[in-house]
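Worksheet: one structure, shown below.
Please treat every number below as a calculation from the coordinates, not as lab data. No experiment lies behind these values; they were computed from the predicted model shown. Note that each Cβ is placed from the backbone with ideal geometry, even for glycine, and that neighbours are counted across all protein chains shown.
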Amino acid sequence: MPDVAEPLLSVQHLKKYFPIHRGVFGRVAAHVKAVDDISFTINKGETFGLVGESGCGKTTAGRAILRLLEPDAGTIQFDGIDLLSLGKEQLRRKRRDMQIIFQDPYASLNPRMTIRTIVSEPFAIHHIARGSERNDRVADLLKTVGLDSSVMNRYPHEFSGGQRQRIGIARALALKPKLIVADEPVSALDVSIQAQIINLLADLQQQFGLTYLFISHAIPVIEHISTRIGVMYLGKLVEVGTSQQICTAPKHPYTQALLSAVPIPDPAARKERVVLRGDVPTPIDPPAGCRFHTRCPIAVDRCKIDEPPLRQIEDGRDAACHLV
Amino acid sequence: MTDERSECKPDAKRKRDSAQPQETLQPSRDVLEVKNLKTYFFTDEGIVKAVDDVSFRVPKGKTLGLVGESGCGKSITAMSITRLISPPGRIVGGEVLLNGRNLISLSEREMRQVRGAQISMIFQEPMTALNPVLTVGFQIAEAVSAHERVSKREAWARAVEAMKAVSIPDAEKRAKDYPHQLSGGMRQRIMIAMALVCHPALVIADEPTTALDVTIQAQILELLDSLRAQYQLSLILISHDLGVIAEVAETVAVMYAGKIVEIGAAMDVFHNPKHPYTQGLLRSVPRLGTSVEKRDRLYAIEGTVPNLLHLPGGCSFAPRCYKRTAECTLAEIPLERVAELHEVRCIHA
C-alpha cells in the first residue's frame with residue numbers, strides 16, 4: 001500500500017432507484033430505493049469492503065459505480081475523471097481500468113466458449129494483441145491465477161467452481177485494471193476453496209497494485225480482506241471505518257447486531273447475542289427517520305422522525321446514528 | 001399457548017406408543033442409530049459411493065451436526081434415513097434404527113407413515129419446498145390430516161398453534177397467507193412449524209439457514225435450539241458452515257467423500273481436531289475479530305474434492321493431506337477411537 005493515501009475512487013451522494021410499473025399503461029407507481037445517497041472513497045491499493053444483508057443495495061452500488069447500471073444521481077470520480085460525464089465511447093475505453101468479478105462462476109462464463117476465447121475476449125473488445133501474442137498473454141494470465149495453460153481449449157463445464165472463479169479472475173485481470181469490483185466472489189464456493197481464492201486475490205493485489213471494492217454478506221471474509229469497511233442497511237451506509245474499528249468495536253447498533261449474529265466456529269464461544277426482531281422493511285417504502293429504527297434495540301422517539309446523517313464520530317470512522 | 005401444547009403433546013405421543021409397542025421395550029436412549037449405512041449410485045460411468053459405511057447415533061433431545069463440503073454425502077445420508085433415494089441411487093447396506101425399528105426393511109407404505117410423523121425434514125430453500133398456490137395454514141394442516149384422524153377444523157387449529165410455537169406473530173391471520181406473501185425467514189418458520197406439527201421424534205434440518213441473512217439465521221438457529229430443548233427433540237443439523245454447527249450441535253460428524261472422517265463431542269472436534277481434513281477446514285475459515293494478526297494468509301487445503309467416480313485407493317483425503325505417507329494409500333483406513341467418544345479415520349492421528 002502506498003504511504004500517502006491517494007483516492008482512486010470517490011463516490012458522492014450516489015442514488016439508484018428502480019421504477020415499479022403498474023396498471024395497463026405501465027405508469028410508475030413507486031420506486032425501489034436500492035441505493036439512496038451513499039458516499040465513500042477508496043484509496044489506491046486498498047480494499048474497501050461493502051457489507052450488508054440481501055437487498056441492502058450493495059450489489060446495485062457496485063454496478064452503478066461501473067455504470068453497468070446508470071445512476072440516478074450523484075458523482076463518481078475515478079482516477080481523476082468524472083465517470084458520469086463520459087460518453088458511450090469514452091466510457092468503453094475507460095472500462096479497461098475497471099473490471100468486475102461475479103458471484104456465480106457457473107453463470108458468468110459462456111458455456112459455448114473455450115477458456116481461450118473467454119479470457120481473450122477483453123483483448124478482442126479493445127483491439128489489443130493478436131494471434132500468437134494474444135495467445136501468450138492468455139497463457140500468462142492463466143498461470144497468474146494458478147491454472148495450467150493447457151486448459152485453454154477446454155470448456156467451462158469441465159472445471160470445478162473454484163477453477164471457474166480463477167478463470168473469471170484471469171478475465172478481469174486481462175486489461176491490467178486499476179479497480180476490480182468483486183461481487184461476492186467466494187460466496188458460491190466450498191470452505192476449503194474459499195481460502196484458496198481469497199489468498200489468490202490478496203496475492204494479485206500485492207503483485208499488480210490493485211484496488212478492490214469487495215462486496216459480500218460474509219462478515220469474517222470482509223474483515224479478513226478489507227482495509228476499510230462500509231456497512232449498508234436499506235440503501236444507506238450506516239457505518240464506515242477501518243476493518244479493525246468495525247469488527248472489534250462496532251458503534252452503530254445495526255453493525256453491532258450484524259456482528260453478533262455471525263456464528264463463531266467454536267462451541268465454547270456460544271454467546272448471548274443481540275437478536276434483531278423482525279425482518280428488513282421493504283426498500284419501496286422505507287421507514288421514516290432512521291431506516292433502522294423499526295428493529296433497533298435502542299431507538300428513541302427522535303429516530304422515528306429525524307434521519308441521522310453519516311457523520312464522523314472519531315478518527316477514520318463515520319456512523320449514521322443519533323445515539324453514538 | 002404453551003399450556004395447550006403441553007396438553008396435546010403427551011396425547012399424540014400415547015397414540016404413537018400404542019401403535020408401536022416395541023418402542024417402549026428398547027433400553028437404548030438413542031432415538032436414531034445409523035449402522036454401516038451405504039448408499040450407492042449406479043451411473044453409466046460407474047458406481048458412486050455417495051454414502052459409504054456411515055454410522056452414528058442421535059440420543060433423545062440431542063443435536064448431531066453433520067458437516068462437510070458439497071458432494072461429501074451429508075444430504076444423501078439424510079435422504080437415506082428418510083428413504084427418499086431414487087434410482088440410480090440405492091441403499092445397498094446397513095441399518096437405520098428409529099427407536100429400535102429398522103426403517104430400511106419397511107415397505108414404502110409403512111415408510112410413508114414414518115415420514116412427517118416420526119421423522120421430518122426441513123430443507124434449505126423454503127420457497128421451493130412450499131406449494132405457491134396453497135395457503136401456508138392449509139399446508140401445515142395437511143401434514144396433520146395425513147397422519148392423524150382429525151377434523152379439518154382441528155387440523156387448522158393445530159396448524160395455527162404450531163405457527164405460534166415458532167413465534168410467528170399474528171398466526172391466525174398469517175395462516176391464510178400464501179408463501180409469496182411471507183419473507184424468507186417467515187417461510188423457514190413455516191417449514192419448521194410443518195416439521196413439528198406431528199411431534200416427530202427426529203427432525204433433520206438440511207442447511208436450514210443457508211438461504212437466509214445472518215440476522216435471520218441467528219433467529220432461526222435460536223428457535224430450533226429452543227424447540228429442541230422444549231420438546232426433547234432429536235435433531236440432525238446438516239451444514240457446510242462450521243459456525244452454524246458449533247452453535248447448536250453437541251456431537252459433530254465431519255464427512256469427506258462419502259465417509260465420516262471424524263466424529264466426537266463438539267468441544268473435542270473443534271478444540272482438538274485430529275483428522276488433517278478437520279484441522280484444515282477449521283484453519284481455513286477467517287475468524288471474526290482477528291483483524292490485528294489478519295495480514296497473514298489464510299490456511300488453504302491444496303487441491304479440490306475428488307471425483308467420487310475415481311476415488312484414490314486407501315484414504316480419500318490423502319492426495320490433499322499434509323501428513324500423507326505411502327501407507328495412507330495402501331488399504332482402507334478404519335475409523336479408530338482416539339478418546340472417549342472421539343473417533344478418527346486417520347493412521348497419523
In whole Hz, the Karplus estimates of ³J(HN,Hα) for region B:161-168 (6.51, -1.76, 1.60; θ = phi - 60°; x where Gly or Pro) are 5, 5, 5, 5, 5, 9, 6, 8
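Provide a whole-number value for the mean count of partner chain Cβ atoms within 10 Å of the Cβ atoms in peptide A:253-262.
Whole-number average of other-chain Cβ neighbours for A:253-262 is 3.
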Rounded to the nearest 10 degrees, the helix B:184-196 long axis (Cα) sits at an angle to the longest Cα principal axis of chain B of 80 degrees
Taking a ≥ b ≥ c as the square roots of the Cα gyration tensor eigenvalues, with a/c under 1.5 meaning rounded and otherwise prolate when a/b beats b/c or oblate if not, region B:252-349 comes out oblate
Ranked output for segments A:300-308, A:13-21, A:315-323 by mean other Cβ atoms within 10 Å, highest leading, reads A:315-323, A:13-21, A:300-308
Partner shielding of A:218-226, taken as the mean number of other chain Cβ atoms within 10 Å, equals 5
Here the percent of antiparallel bridges among DSSP beta bridges lying wholly in chain B, to the nearest 5, is 65 percent
Excluding residues fewer than 8 positions from B:K38 in its own chain, the lysines with Cα under 21 Å of it are B:K49, B:K74, B:K259
Checked region B:53-134 with the C-alpha gyration tensor, a ≥ b ≥ c its square-rooted eigenvalues, rounded below a/c of 1.5, otherwise prolate if a/b is larger than b/c and oblate if not; verdict rounded
Checking rank on B:147-157, B:180-190, with mean other Cβ inside 10 Å and highest first, the result is B:180-190, B:147-157
Amide H contacts under 5 Å for A:G49, restricted to residues at least 5 apart in sequence or on another chain and with H modeled in the peptide plane, are A:F214, A:T227, A:R228, A:I229, A:G230
Expressed as a whole-number percentage, the relative contact order of chain B with C-alpha contacts under 8 angstrom and at least six residues apart is 19 percent
Rounded to the nearest Å, the spacing of the alpha-carbon centers of region B:75-148 and region A:1-70 is 44 Å
antiparallel share of DSSP beta bridges within region B:203-299, to nearest 5, in %, is 60 percent
Residues whose built amide H sits under 5 Å from the amide H of A:A73, excluding neighbours closer than 5 in sequence, are A:K15
Two pseudo-spin positions, 7 Å from Cα along C-beta at A:K88 and at A:T248, lie apart in nanometres by 5.2 nm
Going through A:K15/A:K58; A:K44/A:K94; A:K236/A:K304; A:K58/A:K304; A:K58/A:K143; B:K35/B:K60 one by one, the pairs whose alpha carbons sit over 21 Å apart turn out to be A:K58/A:K304; A:K58/A:K143
Phi-derived 3J(HN,Hα) across region A:48-64 with the Karplus relation (6.51, -1.76, 1.60, θ = phi - 60°), rounded Hz, x for Gly and Pro, is 9, x, 10, 10, x, 8, 4, x, 7, x, 5, 5, 4, 4, x, 6, 5
Shape call for chain A, from the Cα gyration tensor axes a ≥ b ≥ c (a/c under 1.5 means rounded, otherwise prolate when a/b beats b/c, else oblate), comes out prolate
Within 10 Å of the Cβ of an average residue in B:236-248, the count of other chain Cβ atoms is 3
Calculated from DSSP helices alone, with each H run of at least 4 adding -39500 (n - 2.57) and the total divided by the residues of chain B, [θ]222 nm to the nearest 500 comes to -10500 deg cm²/dmol
One finds the C-alpha centres of region A:223-292 and region A:76-112 to be spaced, in Å, by 29 Å
Taking Cα atoms, the helix A:191-208 axis meets the longest principal axis of chain A at an angle in degrees (rounded to 10) of 70 degrees
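Set the Förster distance to 25 Å, then compute FRET efficiency between B:L134 and B:D170 from the Cβ-Cβ distance, nearest 0.05.
So, using R0 = 25 Å, E works out to roughly 0.85.
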Rounded to the nearest 10 degrees, the helix A:131-144 long axis (Cα) sits at an angle to the longest Cα principal axis of chain A of 50 degrees
If one builds a Gaussian network model of chain B from Cα atoms under 10 Å apart, the most fluctuating residue listed among B:L103, B:L221, B:L309 is B:L309
Full extension between A:D148 and A:D285 adds, at 0.36 nm per residue less the Cα distance, a length in nm of 44.2 nm
In the protein assembly as shown the DSSP beta bridges are antiparallel at a rate, in percent to nearest 5, of 65 percent
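So what's the net charge close to B:N102: Lys and Arg +1, Asp and Glu -1, counting the other residues with Cβ under 12 Å from its Cβ?
0
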Listed with the fewest Cβ neighbours within 10 Å leading, B:S226, B:S284, A:S260 appear as B:S226, A:S260, B:S284
